Structures are given as C-alpha cells and as structure tokens.
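Below you'll find the structure, written out as structure tokens, and then a few comments.
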Amino acid sequence: AAADRLQNRGGKGLIGARTEEEDPIEHLFVASTHDYLLFFTNHGKVYWRKVYDLPQGGRDGRGRAVVNLLTLAEDERITDCRAIRDFDKPDHYLVMATAKGMVKKTVLTAFSRPRNQGLIALSLREGDTLVDVAVARKGDEIVLATAGGMAIRFRQSDVRPMGRTAAGVKGIRLMPGDHVVGMVIAKPGADLLTACANGYGKRTPFGPNAPTSEDEEAPPEDDALLSADGTLPEGDQDESEHDEPEGDDINSQRCYRTQRRGGKGLRDIRTVPRNGPVVGIVRVEDDDEVLMMTARGKIQRIPARDISVVGRNTQGVKIMTLEEGDTLVAVKRVPREENGRETKHADGEPASDAAAREADEPRSGGETP
C-alpha cells in the first residue's frame, strides 16, 4: 500500500496491477509479513500460507498464479482471502457470509491446524458462494450489505457457534435477484463506507450497539455529525419514493439500528442507474485511508474523511472517476501511517493482523509497539 500515493476524491487513479481482460482484480487487502493468509474457496475449503512465502513485487507487477502456491482441485477457485496473526484466541470467532445471505460462526481455534489439502470451512448449498469473512468476539455486531443497497445489523450472539462443516443460518432475507456483497463488524463511533460499481459511494455512522441487557442503556449518539434539525446531511438524495421497512424511525434513518437476524434489513444506499450495484463495504474512521481498485487495475487512494458523511437511503457522491467500460470492484481500509508507525487494524477487518491480536486491548485502538 505504501507504493500507492494519496490522491483526491473523484480522481481517475493509478495503474495498480497488470490484468488480462479475462482475469480482473477481485480482492485487495493489506497484510503483515508474519500473518497467516487464509484462502477460502468456492468449495467451502480454507488453505494457509505465510505472507513471507508469497513473492514480493512492485505496484504494477502481475504477481504469481495461486495454483502455484496452493493445491487446488481443477474446478476450485479462490473466493476470499483474509490475514490472521494468532489463532490462539478461544473468545474469537471466524464469521462467514455467503452470497445467498447465510452466516456461520466458528471458533477461531478450529482453524489453527493447517493441512496441505486444506480444511472444510463451511458447507455451501448449491449455487451459493462465500463472499466475506470477519473475526468477531463477545459484544460485537455484524453488518451484511447487498448489491441491491440493503443492509442488516444484528448481534453476533444471534448466530450460535457451529463446527467447520456446518452450513450456517440465515443472516438476511434477500429480495429476488439480490445477493450479499460484504460483511463488517460494526463499531460505534465509526462509519460504514459503501461503494458502488459506477464510482459512487458514501459513509454513514453505524450508531451505537444495542444494549446487552434490558437494564443497560445504549450510549448516546454523536451529535457532532447531526444537522440543526437532528438529521444527517442527505447527499445527492433522489426524489423517488422511499422503500424503508415499516417501523423505521428517524434514528435508524441516520444510522443502522440493530435488528433480528434473518430480516430483510434497511435501505443503505439507493442503487439508481447512476450508482450501479453495491460492490463492497468497509468500516472506516476519519483518520483512515481508503484504497479502491477497478476491474482494469486502476488504484485510487484517498483519505476517508474526503467521502461525505450522509444518512442512509441516499445516493452518495462520486468517489472515483472511471474510464468508459471500467467498473469499481474493490474498496478496502488502509491503516493510517504516522511517524513511520502504522496504526492497528480494527477487529474483523479484511487482512487485519490485529484482528486476533488485540483481544485484550481497548476497542478504540492505538498504535502498534
């Protein structure tokens, strides 16, 4: 990531990797040299490699074929990849989400013994694929987002722990033709950044986690982001009829209220023709940077604060200018670098070497030693 210089929001980006037309970039992440890379496949299996085992290349290098690194079956392909520093965290879970809205939670220690032939990570139903993986712990809440612009937030405790071969339970009820594109662990005080295929996006505050008991009150909202009338800016709001589920209130229009697992969720962003479908979500804070990549290998790196904070059910703003025929395919959080030291990744974020490492540290984070 250090080779990709910071740019302005809405720019065209730089060449980030050489690609063939039939082999576009699908996954982009940041990892530490001593992390374990977990490769998840369409067969529901997981493979391990140390980051230092991968050949290092320049920003515009083509890389090395995965088939030269892993023992894959003829029709097996990588669908997701995450980095973990330490598996010995019995209170941490690996949470998996599929395109058809299924979620599964398995204790992280169940993946601590790698095999050359891989391990079964979950059982996939016919036609389903794994789309995202996160690390969660007690008190965390999960957010799923769909290509059609819907999102649902629910407690990770709503998903019971299961063995590696289980298929999981329903996380979100999908509309016809829709599918899940991403999953993050919510963090009060942070924002959900949503990016669409045509280079538009937005960030919206998560809002507080739900109380863990009936006697516990939720923390107050951050009033600094609210307008005089108590609402967030609406960005480029369109004039079409809102399609919020019944019972939605003004608070949930600003943020993402916690719901029961398995519902259809709330409208996150309006996927009008200008925006296109949602391609990814990421959890960010003001000091973070955002790295975006297109199908043709263009990279755009911008400060997260340059992307407008707006409410849900809006169209957002342009976050990257695309060439004709190109589309945005990936959006990831990049740790802020300060005085040559890198801030820790947030728990559950893709390629986070701190996801399993900071279990006993405050959620507000800090700098690595």
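So the values come out like this:
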| read-out | value |
| --- | --- |
| Filter pass, Gly101 being of a type outside the set (Lys, Arg), closer than 18 Å to Asp80 by Cα and modelled with pLDDT under 95 | no |
| Looking only at segment 140-172, and only at residues there that are of a type in the set (Gly, Ala, Ser) and in a loop (DSSP other than H, G, I, E, B), the one that is surrounded by the fewest Cβ atoms within 10 Å (Cβ to Cβ) | Gly163 |
| Elements of type strands (runs of 3 or more DSSP E) in segment 47-126, at least 1 residues being within 16 Å of Leu37 (Cα to Cα) | 78-84, 92-98 |
| Filter result for Val272 (among the hydrophobic types (A, V, I, L, M, F, W, C), surrounded by 15 or more Cβ atoms within 10 Å (Cβ to Cβ), out of contact with any strand residue (DSSP E or B) (no Cβ under 8 Å at 6 or more places or on another chain) and modelled with pLDDT of 55 or more) | yes |
| Any hit, segment 56-76, residues being among the charged types (D, E, K, R) and buried (at least 21 other Cβ atoms within 10 Å of the Cβ) | no |
| Within segment 190-216, considering residues that are surrounded by fewer than 20 Cβ atoms within 10 Å (Cβ to Cβ) and either in contact with a Phe, Trp or Tyr (Cβ under 8 Å, 6 or more places away or on another chain) or under 15 Å from Arg257 (Cβ atoms) (or both), the one modelled with the lowest pLDDT | Pro211 |
| Every residue from segment 34-88 that is among the hydroxyl-bearing types (Ser, Thr, Tyr) and at pLDDT 80 or above | Tyr36, Thr41, Tyr47, Tyr52, Thr71 |
| Test: residue in segment 252-267 that is crowded, with 22+ Cβ neighbours inside 10 Å, modelled with pLDDT of 90 or more and more than 19 Å from Glu141 (Cβ to Cβ) | no |
| Segment 173-210: number of residues that are closer than 28 Å to His92 by Cβ, of a type outside the set (Asp, Glu) and part of a strand (DSSP E or B) | 13 |
| Residue within segment 109-127 that is closer than 26 Å to Ala330 by Cβ, within 19 Å of the chain's Cα centre (by Cα) and surrounded by fewer than 21 Cβ atoms within 10 Å (Cβ to Cβ) present | no |
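Residues are listed down the side, and each one gets a yes or a no for (1) of a type outside the set (Gly, Ala, Ser); (2) under 12 Å from Gly201 (Cβ atoms); (3) in contact with a Gly (Cβ under 6 Å, 6 or more places away or on another chain); (4) modelled with pLDDT of 65 or more:
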| site | (1), (2), (3), (4) |
| --- | --- |
| Arg305 | yes, no, no, yes |
| Val310 | yes, yes, yes, yes |
| Gly316 | no, yes, yes, yes |
| Met320 | yes, yes, yes, yes |
| Glu323 | yes, no, no, yes |
| Lys332 | yes, no, no, yes |
| Glu338 | yes, no, no, no |
| Arg341 | yes, no, no, no |
| His345 | yes, no, no, no |
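The values are calculated or read from the model by the stated rules, or taken from the named source; none is laboratory data. Keep in mind that this is a model prediction, so the values were computed, not measured. Virtual Cβ from ideal backbone geometry, glycine too; neighbours counted across all protein chains shown.
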